[in-house]
Structure formats: C-alpha cells, structure tokens
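For reference, the structure discussed in these notes is given below.
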Amino acid sequence: MGRHKQHKPRRSRGENDRPATEWFGTAFHSTAGMQHLDVRRSGNGVLITSSPAEIDGVPASWPLRLRNDVDGGLNEVGAALAAGRGHVFGVTEGPGQRTALAFLPDHPEEGVGTLARVRTSEDPDGDVVFERSAERPMGLWAEAGESLLRIVPLLGPDAPPADELEDCRLCPGCYRPVYESSSSHTLIGAGPLPLMGLCRLCAEGSTLRSLRQANVPIDTRQRTVLETVAAALA
Ligand SMILES: [Zn+2]
C-alpha cells in the first residue's frame, strides 16, 4: 500500500459576506495537513495564492499574479481549472530555455491536480524543472476556477495595474494567506505567543473544530496557537 491520503475539500463557513472578488478554500489532507487556495482580484489581474506550495522543493506560500492579458486569457485558465482540463499558459522564452505555467490535472493515483511553473531547456534530453508547484484535490481547483471565472468580468478594462503584489502574511494558526480584506484584526491576550494576524476562521475556533473532525496532522506550532485561542474563547 502506498501513502494513504484523504482529501476533504470544504467550503469555508461564515464567509458568505465576503466580496465577490475573493474566494478561499481549504483541503484537509491526511498526511500533508491543511492546504489552502486563495483567489482574488489584484488590479487588472487575478492573484492565486497557494499555501503551502513547493518553491525549489521547499515548502512556502506561492502568490501567482496573472494579468488579464496573460497568454490565452484568464478565462481560459479559469475554464481549464473548472473543467479539470490540462492547460499550459504564460509561456516565456529565454535564452536556451522556456518557462511556462501549467495546470496538470488528475495525478493518476490520487485525484489531485498540480499547478506549476515549469522550466524546460531547448535540449530535448534536458531536464524539466518544477520551479514552483502546488498540489490540490481536483474539486478545490474546480472551485478556484469557477471563482476565477466569476472575478474576471469584474476586472473591467480600466482597472489599475497592480505592479506590486499585495501584502500577505500567513495566519499563525493555519498558514492561510491573510490579506488586508481577510484579516480578522484579532489580538487575543498578550501571552508569550504572537497571536496577531489570525485569520477569522482561527480566531473563531472553527479551524480547530474542522481539524478535529477531519483528523489530519498539524505541526506543533500551529497546534499550540490554536489551543491557546481555544482556551481564550472558553
Ligand atoms: Zn488561520
């Protein structure tokens, strides 16, 4: 038997009042823990943040901004994600090499898809390097794609360019990317732990409840933060 994995994409609760230009989803993975995806408008484009993702093989968060004039169009990207269809876009040619973004659906064993930035060399025997990649259940990608399709018409032709990525911190309880509009602005207690910048789901205690239901692993630091919040809420 290989690794046992379990994917339970679920909708965030209590976030129905969020702007139409944002979406957020989390999958609970039996070995990898929480896997977040955030899609939001960013100037004349869309920002897709995967946390965690792999950047040069190391876990990190990956904010990927796609301008509305991305090769093939943002609608194509959204439609491919929504339909679970493979898609290559954002190709850039450099000396002797080519970089492209790719959505690679349906990992044969797992029902997961991967969004990646892939570098290939002109040499047909050359290596294919995954510079960045994020693996998520297909259902979560589909929801992200549908959200992207909803957001694109709201961009408007005269939306200002976003030259710089918006600031994003990772919630200390769940490592969800927290942007200005999704921040809970909650500070609980003044204990030894920095509990600033918690996302709303962690501040309300719903993250800990979901984790207990889904029975997925969580690292010690996150657990300590969430249990401190739970104690403060009790
Ligand atoms: Zn959180």
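Could you please put 119, 98, 209, 65 in sequence from largest to smallest accessible area, using a 1.4 Å probe?
209, 98, 119, 65
So how exposed is residue 166, as accessible area in Å² (1.4 Å probe, rounded to 10)?
The value for residue 166 is about 80 Å².
With every protein chain in place, what's the accessible area of residue 143 (1.4 Å probe, Å², nearest 10)?
Its accessible surface works out to 40 Å², give or take rounding.
Post the alpha-carbon centroid distance, segment 207-234 to segment 48-63, in whole angstrom.
If you average the Cα positions of each part, the centres end up 22 Å apart.
The values are calculated or read from the model by the stated rules, or taken from the named source; none is laboratory data. It should be emphasised that the depicted structure is a prediction, and the values quoted were computed from it without experimental measurement. Each accessible area value is taken on the protein alone, full model and side chains, heavy atoms only, with ligands, DNA and RNA left out. Shrake-Rupley method; radii C 1.70, N 1.55, O 1.52, S 1.80 Å.
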